[in-house]
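Below: one structure, written as structure tokens.
Derivation of every value follows stated rules applied to the coordinates shown; laboratory data play no part. Bear in mind that the values here come from a model prediction, so they are computed numbers and not experimental data. Here Cβ is always computed from backbone atoms with ideal geometry, including for glycine, and neighbour counts include all displayed protein chains.
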Amino acid sequence: MSASLPATASPWFDTPQRFGRITRWLHWGMALLFAWQFVGMGLRLALGRTPLVSFFVGTHASVGLLLLILVLLRGAWGLANRARRPSHGDSLLGRAARLGHAALYLLMFVVPALALVRLYGSGRAFAWFNTVPLFAASPKDEALIAPAALLHGPLAWLLLALVAGHVGMVLLHRWLWRDGVAERMIGRVR
Ligand code: HEM
Ligand code: HEM
């Protein structure tokens with residue numbers, strides 16, 4: 001698959017030395033959208049329903065669906081670039097990094113997917129960003145509601161904990177080991 005992609009010198013594509021612009025736009029754009037989701041839900045827990053909280057929470061489902069679409073695109077892009085992106089090596093730390101990234105992908109998919117299944121099962125009509133009609137009103141289906149009722153919140157907080165660990169590791173790479181790993185995703189594409 002990667003053989004059909006253009007030469008790796010382009011700043012848009014990944015190389016074994018660094019991630020390219022497309023990967024970086026997906027990474028940082030999604031990081032911002034995740035921050036939006038967690039700040040909104042954190043404020044909801046801290047403040048209850050205030051106008052500020054409604055501003056965030058009112059977009060929660062639509063931003064979640066956007067994240068679900070983006071993670072599918074990002075996963076496909078990652079697979080297409082597998083042979084050319086920076087490798088983590090076979091050390092224990094390298095394997096842990098691969099496992100950690102795989103867990104992030106799994107949760108980035110499962111957290112919004114379960115919630116969308118619940119929304120569909122709730123029987124309420126849903127228009128994406130109040131614009132694109134996706135579900136019409138339908139009878140409620142408890143079996144579709146139950147998994148997210150149990151798992152959406154806990155798995156979302158687990159995702160946040162993993163992200164905190166991820167950022168912690170990046171800080172170690174950047175400031176303690178100074179091994180150039182952080183610069184593969186941060187700063188100008190060289
Ligand atoms: C990847 C994107 C998402 C993230 C990171 C996320 C995160 C969260 C978090 C942290 C909470 C608070 C849980 C608590 O109160 O302890 C929450 C609640 C909620 N989310 Fe999401 N969410 C995402 C996508 C979605 C989507 C797509 C929907 C709807 C289709 C949705 C609907 C809800 C609802 C209704 C609640 C309140 C009930 C509950 O806690 O399960 N979320 N979300
Ligand atoms: C301030 C926040 C963040 C920083 C500083 C950061 C930094 C980085 C860096 C430097 C890399 C490259 C590491 C390497 O070469 O192995 C990376 C990769 C990665 N990051 Fe982050 N990150 C942040 C937020 C996030 C968030 C919110 C997620 C997901 C929810 C995430 C998921 C990933 C994944 C899956 C990779 C592997 C490459 C890929 O498939 O895109 N990061 N991150």
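Points worth noting:
- Per-residue extension of 0.36 nm, minus the Cα-Cα distance of residue 188 and residue 12, leaves a gain of 62.2 nm for this segment.
- With q set to 0.15 Å⁻¹, the log10 of I(q)/I(0) for the stretch 86-190, from the Debye formula over equal scatterers at the Cα positions, is -0.77.
- Per-pair calculated FRET efficiency, R0 = 25 Å: residue 38 and residue 127 via Cβ, rounded to 0.05: 0.55
- Relative contact order %, the stretch 42-190, counting alpha carbon pairs below 8 Å whose residues are six or more apart: 18 percent
- With a Förster radius of 30 Å applied to the beta-carbon distance between residue 80 and residue 177, the computed FRET efficiency rounds to 0.50.
- Applying a DSSP loop filter and a limit of 13 other Cβ atoms within 10 Å to the trypsin sites (Lys or Arg not before Pro) in the stretch 50-146 leaves 82, 124, 140.
- Of the chymotrypsin sites (Phe, Trp or Tyr not before Pro) in the stretch 26-132, the ones in a loop by DSSP (not H, G, I, E or B) with at most 15 other beta carbons within 10 Å are 129.
- Highest-MSF residue in the chain out of 29, 48, 165 [GNM, Cα springs under 10 Å]: 48
- For the chain, the Kirkwood hydrodynamic radius comes to 18.6 Å, computed from all pairs of different C-alpha atoms.
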